[in-house]
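Readers should treat all values here as calculations from the given coordinates under stated rules, not as data from a laboratory. Keep in mind the model is a prediction, meaning the values are calculated, not measured. Here the Cβ is made from the backbone with ideal geometry for all residues, glycine too, and neighbour counts use every protein chain on show.
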Protein chains: 2
Amino acid sequence: MTPPRFDILGIGNAIVDILAEVEEGFLGAQSMIKGSMELIDAGRTDALYALMPPAVQTSGGSVANTAAVAGQMGARAAFIGVVAGDEFGAIFRHDIRGSGVHHPTPPSTGGDPTARCLILVTPDGQRTMNTFLGVSSSLAPHHLDHALIADSAISYLEGFLFYVPDSAAASRRAAEIAHAAGRRVAISLSDFLCVERNLNAFQTMVRDHVDILFANEKELAALTGLEDFEEAADVVRGQVEIAALTRGEHGSVIFRGEERFDVAPVQAKVVDTTGAGDAYAAGFMTALTAGRDLPTCGRWASRAAAETISRMGARPPGDLSYLRG
Amino acid sequence: MTPPRFDILGIGNAIVDILAEVEEGFLGAQSMIKGSMELIDAGRTDALYALMPPAVQTSGGSVANTAAVAGQMGARAAFIGVVAGDEFGAIFRHDIRGSGVHHPTPPSTGGDPTARCLILVTPDGQRTMNTFLGVSSSLAPHHLDHALIADSAISYLEGFLFYVPDSAAASRRAAEIAHAAGRRVAISLSDFLCVERNLNAFQTMVRDHVDILFANEKELAALTGLEDFEEAADVVRGQVEIAALTRGEHGSVIFRGEERFDVAPVQAKVVDTTGAGDAYAAGFMTALTAGRDLPTCGRWASRAAAETISRMGARPPGDLSYLRG
């Protein structure tokens, strides 16, 4: 097998984040579940945006964030995801390329705008997300560049894709292409509500197509139906090659077969948790594809997550190679 | 004379800022003068943006920033300035209204996009600005709402308007309307290069139309042709009612006739100086229109400036009434 040209190929929704700080009461008044992600339509997007305080716009998207942070950490990263030819699309394309990420997907010429995520950051640093997928939801099997997938050590998917049938089909097809080329498939479960609402698809995907699983405790519980972390972990460690399970302020646990590595969290002042899991996956896969052992993967992952939560937005700026090690 | 409905009416360019952190060498390679503002055309904007690292988008514009911060501090603020019906225009309108600022100018239906300013922030916290004015440069006398000007205690203008003949004409016309209604006119000189290149227009404006002058040392030197601060201050204190002259880390000096008040700077960790002068003017005029004395005006001004330079972007988020006092 020839060495891959890319370490990590992300396949996911291409989104611009609109972040604003709000008080706790804002979430309740809008019937939002703190820490979750809900899909919203264009009308609700306009209505919610009108209620939000002045905001900051930055590139986002879960897998896109991972690709960007991995690129900034020095991994050879690529990303497949659809934007429109509008101003938000220009922001997204500019930023992901500026992170050193190859992004070959051409802008759509259709009518839908680039996706946006209205993110409400509460004083405790938690983020609650409301996503209008726009043209991003057109991601379908025909967007997959087979040669690119075959030339990437890991194809990395997001659970959010399972909200859209065509995008879910693209996820499964990408996994088949990657495995046919002898490469690995990774996925983040993304969000516990998303897992609950698409449970069969998630369970089938993880069992049949995933080599490397990223999940937090709530997502793991949703996937397995088991509230006890150890019991739930026992289920998934039998299904995937590597499971990297995050536990918030308690750090993370990495399983590979009979091996188990407990990873201490890296301390950070919490400003905004947006992108913490994305950065964790970036650090982990950057180390893994650099040939590092699993404890090192966990350490790079935790360092990347800590850096991300200590500031607003999902992608710390600049060269992030200092997070290696 | 009836009490005014608004304390501060800003008239200026409606801009979205695109901020990125760069090393010193970036400025030199692009032949930029650190700390200045240059107008650029659409082609140069695209070329420069392509060279910039991943960025953050926030609402900007000098006078618009002042109106927003004043609104957040509790002043009754309004703003006249032109955006397009595009995504950046939506950002601008959302944010200025979210700061409590009345913004009656309808979006333009013409072909030019909303203005954007590419801001390069160097490690010393200095910002160097490159502005594509787009539709903002269409600001002309017909945009002036005479009743609104007559109903505002202070009409506040920016020197940047003098780069565009129609906008300069709007500045002079606004001043005439304000004075005919018995109101005051304030201006920020904006940028020393802008003053140098439009010197006659600035000198005439300050001498004939301005009651309250905001300037930093370099702008003051450009206006008067005098390098010595005290000599230059002596010139302008004879021309305007109040001169608030900022001296960077050395604080500011306020002159009114024979009165002089030296204002100590408020200490802050410098992250990004974008908007420092705008926030200073906001704090100053918020206090002045609240009937406070000049030392208090200087203190609110310095507190607002310090808050602004301690973070990325020109407008600190949230309720800023804690800056009063």
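Overview of results
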| read-out | value |
| --- | --- |
| For segment A:191-304, share of DSSP beta bridges that run antiparallel, in % to the nearest 5 | 65 |
| Most mobile listed residue (B:Gly60, B:Gly110, B:Gly74) in chain B, GNM with C-alpha springs under 10 Å | B:Gly110 |
| Distances in nm from B:Ala50 to the matching label points in the other copies, shortest first (labels 7 Å along Cα to Cβ) | 4.0 |
| Sequence-distant lysines (8 or more away, or on other chains) whose Cα lies within less than 24 Å of A:Lys269 | A:Lys34, A:Lys218, B:Lys269 |
| For segment A:184-325, convex hull volume per residue from C-alpha positions, Å³ | 104 |
| Share antiparallel - DSSP beta bridges, chain A, percent rounded to 5 | 35 |
| Relative contact order for chain A, counting Cα pairs under 8 Å that sit 6 or more residues apart, in percent | 19 |
| Residues listed by number, segment B:201-236, amide nitrogen under 14 Å from B:His250 label point at 7 Å toward C-beta | B:216-221, B:227-234 |
| Convex hull volume of chain B per residue (C-alpha atoms, cubic angstrom) | 119 |
| Cα shape, segment B:1-132, gyration tensor, a/c 1.5 rule | prolate |
| Calculated label separations, B:Asp166, copies of the chain, 7 Å along the beta-carbon direction, nm | 4.2 |
| Full-stretch length increase - B:Asp319, B:Met1 - with 0.36 nm per residue and alpha-carbon distance subtracted | 111.3 nm |
| Listed residues B:Thr286, B:Thr58, B:Thr109, most fluctuating in chain B (Gaussian network, C-alpha, under 10 Å) | B:Thr109 |
| Rg to Rh, two decimals, where segment A:88-148 supplies the alpha carbon set and Rh follows Kirkwood | 1.05 |
| Calculated over segment A:91-190: convex hull of Cα atoms, volume per residue (Å³) | 130 |
| Label 7 Å beyond Cα on the Cβ vector: B:Arg260 copy-to-copy distances, nm | 7.5 |
| Trypsin sites (Lys or Arg not before Pro) within segment B:187-275, DSSP loop, no more than 14 other Cβ atoms inside 10 Å | B:Lys269 |
| Gaussian network model of chain B, Cα within-10 Å springs - most flexible of B:Gly238, B:Gly134, B:Gly61 | B:Gly238 |
| DSSP bridge orientation in segment A:138-252 - percent antiparallel, rounded to nearest 5 | 5 |
| Cα-only Debye scattering, the protein assembly as shown: base-10 log of I(q)/I(0) at q = 0.05, 0.07, 0.10, 0.12 Å⁻¹ | -0.25, -0.48, -0.88, -1.15 |
| Theoretical FRET efficiency, 1/(1+(r/R0)^6), r = Cβ-Cβ of B:Ala180 and A:Glu23, R0 41 Å, to 0.05 | 0.40 |
